[in-house]
Amino acid sequence: MKKIDAYEANQQQGLLLNANENPKNIDADILESIIEDIKNIDFNRYPDNDVTMIREAYASYIGVDADQIMVGNGSDEVLGLLIHLRLGSNKTLYTLEYDFSMYDYYATLQDANIVRFPLKVEDTFDVDSFIQLGKKANPDLICFSNPNNPTGRCIEKEDLIKIVEAFANTYVIIDEAYAEFSDSSMIDQVDVYKNLLVTRTLSKAFGLAAIRCGMMIAHKETMETLQTYKVPYNVNTLTQVVATRVLQQKERVQENIEQIKQARDVMYEDYGRDKPKNVTLYPSCANYFYGTSTNKEKLLQLMDDAQIIIRNFKDEYFRITVGSNEDNKKVMDILRKV
């Protein structure tokens, strides 16, 4: 088996700006409703294998039919399922140079080859070059995030459609974990393309990272095939109860999303008015900023001294989650001291 790089779990103490979590917990009245719901759970019984409540609630939220949705123990589970089904020894995953590390993790577990399209954060995405390299690689599965994690950049929808059409006989997974913070989604294309699969999560925009709930959305015929491979009882009853209750509060969720987007934009405007000497932040269509520093050691030390936890990557790169306006001001004050 090929060597696997273990996933780096997140620290849980300090000001947590390292995991792209929602800075706001669920409202107290929703929590009270959840507590009442929990009182009615038959804990001696297995959960609903069809995850009906979540599928129906999420279908209403995104505007598809419930039978086009598969629910998993986090979007990681449905991603892992697809990679397990499509990849193996001498099979190839096609992805981006900088992307979510779990794609590599699952592909390596399958002893698969990984071909990465070179794309640095400052580069312009060239869809024709992406397709050209992909045709050479002849992949068995294509998977990448949009908005991209960790860079926060977005690929234009017309380019995504071009990719899906160019690889009509290959599953193309668009991981939309952060799509609520952008202005584009491919969910409205799943009825058009049977090879398109979109994954989503409740961990980010919905503020439900603690319950591990993610979805895959696809064409009805595609989903009918994939559902037969789903692990039975994979989503516990507590998750089903909590997720359904929060999904019923779409207006509040959207209000919180708009607040995060506004905080992101204010933070980047603040950065632009007085750019730090040794730090660069890149524009983002997600709820985080990807950056570089010519003195990252000092940056990390200053963050550590302030008990602010950010995500550290190799070389000069790092990522910072958008927090509250107060949190973001603390971050900017530190960046200007680097």
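Would you confirm, using the coordinates I've provided, whether residue 255 is assigned to a helix (DSSP H, G or I), outside the structural domain of residue 95 (by TED's automatic domain parsing) and surrounded by fewer than 17 Cβ atoms within 10 Å (Cβ to Cβ)? Walk me through how you get there before you give the answer.
Numbers: assigned to a helix (DSSP H, G or I): yes; outside the structural domain of residue 95 (by TED's automatic domain parsing): yes; surrounded by fewer than 17 Cβ atoms within 10 Å (Cβ to Cβ): yes.
Criteria met by residue 255.
For residue 177, indicate whether it is touching a helix residue (DSSP H, G or I) at 6+ places or on another chain (Cβ under 7 Å) and in a loop (DSSP other than H, G, I, E, B).
yes
The conditions are (1) aliphatic (A, V, I, L, M); (2) modelled with pLDDT of 95 or more; (3) exposed (fewer than 12 other Cβ atoms within 10 Å of the Cβ), and residue 1 fails exactly one of them. Which is it?
(2)
Could you tell me whether residue 75 is surrounded by fewer than 15 Cβ atoms within 10 Å (Cβ to Cβ) and of a type in the set (S, T, N, Q)? Let's see the steps before the verdict.
On the way: surrounded by fewer than 15 Cβ atoms within 10 Å (Cβ to Cβ): no; of a type in the set (S, T, N, Q): yes.
Against the criterion (surrounded by fewer than 15 Cβ atoms within 10 Å (Cβ to Cβ) and of a type in the set (S, T, N, Q)), residue 75 does not qualify.
Please state which of the following conditions residue 58 fails to meet, knowing it meets all the rest: (1) under 29 Å from residue 324 (Cβ atoms); (2) surrounded by fewer than 21 Cβ atoms within 10 Å (Cβ to Cβ); (3) in the same structural domain as residue 136 (by TED's automatic domain parsing).
(2)
What do you reckon, is residue 315 surrounded by fewer than 18 Cβ atoms within 10 Å (Cβ to Cβ), out of contact with any Cys (no Cβ under 9 Å at 6 or more places or on another chain) and at positive phi? Don't jump to the end; show me each part of the working.
Numbers: surrounded by fewer than 18 Cβ atoms within 10 Å (Cβ to Cβ): yes; out of contact with any Cys (no Cβ under 9 Å at 6 or more places or on another chain): yes; at positive phi: yes.
So residue 315 passes the test.
Just one of (1) charged (D, E, K, R); (2) outside the structural domain of residue 81 (by TED's automatic domain parsing); (3) closer than 26 Å to residue 146 by Cα; (4) surrounded by fewer than 17 Cβ atoms within 10 Å (Cβ to Cβ) trips up residue 273, so point out which.
(3)
The values are calculated or read from the model by the stated rules, or taken from the named source; none is laboratory data. As the structure is a computational prediction, the values presented were derived from the model and not from experiment. In this analysis, Cβ positions are derived from the backbone assuming ideal geometry, glycine residues included, and neighbour counts consider all displayed protein chains.
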